[in-house]
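Since the structure comes first, as structure tokens, the remarks are kept for the end.
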There are 2 protein chains.
Amino acid sequence: MEFKVGQIFATDEEKLAVAIAEAHLGLSEGGIPIGAALFDKDGALLGSGHNLRVQQGDASMHGETSAFRNAGRQRSYKHVTLATSLSPCWYCSGLIRQFNIGKLLVGDDINFKGGQDWVQEHGCEVTVMNDPGLIKVMGDFIIANPTLWNEDIGED
Amino acid sequence: MEFKVGQIFATDEEKLAVAIAEAHLGLSEGGIPIGAALFDKDGALLGSGHNLRVQQGDASMHGETSAFRNAGRQRSYKHVTLATSLSPCWYCSGLIRQFNIGKLLVGDDINFKGGQDWVQEHGCEVTVMNDPGLIKVMGDFIIANPTLWNEDIGED
């Protein structure tokens, strides 16, 4: 899938497709397949990214924080949509709450469910999409890499 | 102040001093003066860092996340101490909760108070130190740079 900053992604499905493409990119690099992307009020892509724990040894770069970094400095996130392939963990849910990100699209809350209800209680509009292909990719990855997965979510 | 990875910082005051040194380093670079550091169960420095919004245009690098990144991949944070110059925002509080960081030292909860009570409720041992010199540095910075400060905590 081709995508670039500034390109318009009009629908929720189109936005989630960017996060899914990032997840697949991460997997192709030997990483954990979680991706995310941020869009402005018009659906223009601000930035996207994927988990970089394996590739860069960077424990701080979850899919969501990677996309947030790549979107650069923004003055407000009130009208921003964050699409993420997997339900945001507490770390990434805290990001959403602190920066008052307006809308969240969740590609999969079957394999993992983080703080999506909590951010919704604090004013974020949450849509759970549960894409079957994405759920299979993440589920297969967790089964094949349980230690790595537990490390990424801080489970002993 | 000189400090290096692996060096032992035995007391809470010594640990906080590393976070304060990182805050001053950030200020000297023209950045937001917030720093943090992680220590293992023996007090050995795992990594430290400071806010990089201005210096690298990186909105994802708060003091705490910068220190977390610089500490590298860790299998467990149960016995880790995070010292931070300023009370952790929701983003950084989410990091603490997700990775079950065992102990938090807060250098200043006067200028800003984030999710420190919330992480305490979820099992993190929190010590508020309120260092007068640090409180003055951060307070002066916020007065002099209100727009930049509000951007960093996602306030409109």
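Since every read-out is calculated from the coordinates, none of them should be taken as a lab result. Not measured: the values here are computed from a predicted model. Glycine also receives a Cβ, built like all others from the backbone with ideal geometry; neighbour counts cover every protein chain displayed.
What does the charge dipole of chain B about its Cα centre add up to, to the nearest 20 debye, if the Cβ of each Lys and Arg holds +1 and the Cβ of each Asp and Glu holds -1?
Approximately 600 debye in magnitude.
When chain A is modelled as a GNM with alpha-carbon springs shorter than 10 Å, which of A:50, A:122, A:24 fluctuates the most?
Highest fluctuation of the listed residues: A:122.
Highest mean first, what order results for B:124-136, B:63-75 on Cβ atoms within 10 Å?
The packing order, highest mean first, is B:63-75, B:124-136.
Kindly provide the helix-only [θ] at 222 nm of chain B, computed as the sum of -39,500 (n - 2.57) over DSSP H runs of four or more divided by all residues, to the nearest 500 deg cm²/dmol?
Mean residue ellipticity, 222 nm, calculated: -11500 deg cm²/dmol.
Taking springs between alpha-carbon atoms closer than 10 angstrom, which of A:49, A:57, A:107 fluctuates most in the Gaussian network model of chain A?
A:57
Can you list the copy-to-copy distances for residue A:122, using a point 7 angstrom from Cα toward Cβ, in nanometres, shortest first?
Copy-to-copy label distances for residue A:122: 1.0 nm.
Please find, among residues of chain A, the one with the beta carbon closest to the rotation axis relating it to chain B, distance in whole Å.
Checking which Cβ lies nearest the axis yields A:94, 1.
I need the Debye-formula profile for the stretch B:6-81: one equal scatterer per C-alpha, no solvent, reported as log10 I(q)/I(0) at q = 0.19, 0.20 1/Å, two decimals.
Rounded to two decimals, the profile gives -0.71, -0.77.
Using a Cα distance threshold of under 13 Å, what count of lysine pairs results for chain B when pairs must be 8 or more residues apart or interchain?
Lysine pair count for chain B: 6.
Starting from one equal scatterer on each C-alpha and no solvent at all, send me the Debye-based log10 I(q)/I(0) for the stretch A:12-156 at q = 0.13 Å⁻¹, two decimals.
Debye curve over Cα of the stretch A:12-156, log10 I(q)/I(0) at q = 0.13 Å⁻¹: -0.48.
Any chance you could check the Cα centroid distance between the stretch A:1-58 and the stretch B:1-72 for me, in angstrom?
30 Å
To one decimal in nm, how far is residue A:14 from the same spot in the other copies, if labels go 7 Å from Cα toward Cβ? Please give the shortest first.
Those label-point separations list as 5.9 nm.
Counting pairs of alpha carbon atoms under 8 Å apart in space and at least six apart in sequence, what relative contact order in percent does the stretch B:105-156 give?
41 percent
Mind checking which of B:27, B:105, B:16 has the largest fluctuation in a GNM of chain B, springs on alpha carbons under 10 Å?
Checking each option, the largest mean-square fluctuation is seen for B:27.
Using a 10 Å cut-off on Cβ to Cβ distances, tally the other chain neighbours for every residue of A:73-83 and report the average as a whole number.
Neighbouring Cβ atoms belonging to other protein chains average 2 per residue here.
Work out the mean other chain Cβ neighbour count within 10 Å for the residues of B:55-65 and drop it here as an integer.
4
What percent do you get for the relative contact order of chain A when only Cα pairs under 8 Å and 6+ apart count?
After rounding, I find 18 percent.
Using Stokes-Einstein with the Kirkwood hydrodynamic radius over Cα pairs, what translational diffusion coefficient do you get for the protein assembly as shown at 10 °C and a viscosity of 1.306 mPa s, in µm²/s rounded to a whole number?
82 µm²/s
Considering only B:114, B:94, B:59, whose Cα is most displaced toward the positive end of the charge dipole of the protein assembly as shown, charges sitting on Cβ of Lys, Arg (+1) and Asp, Glu (-1)?
B:59
Quick one: check the C-alpha center-to-center distance for the stretch B:130-146 versus the stretch A:104-131, whole angstrom.
Comparing the Cα centres of the stretch B:130-146 and the stretch A:104-131, I get a distance of 36 Å.
Would you mind giving the mean number of other chain beta-carbons within 10 Å of the Cβ of each residue in A:124-136, as a whole number?
Mean partner-chain Cβ count within 10 Å for A:124-136: 0.
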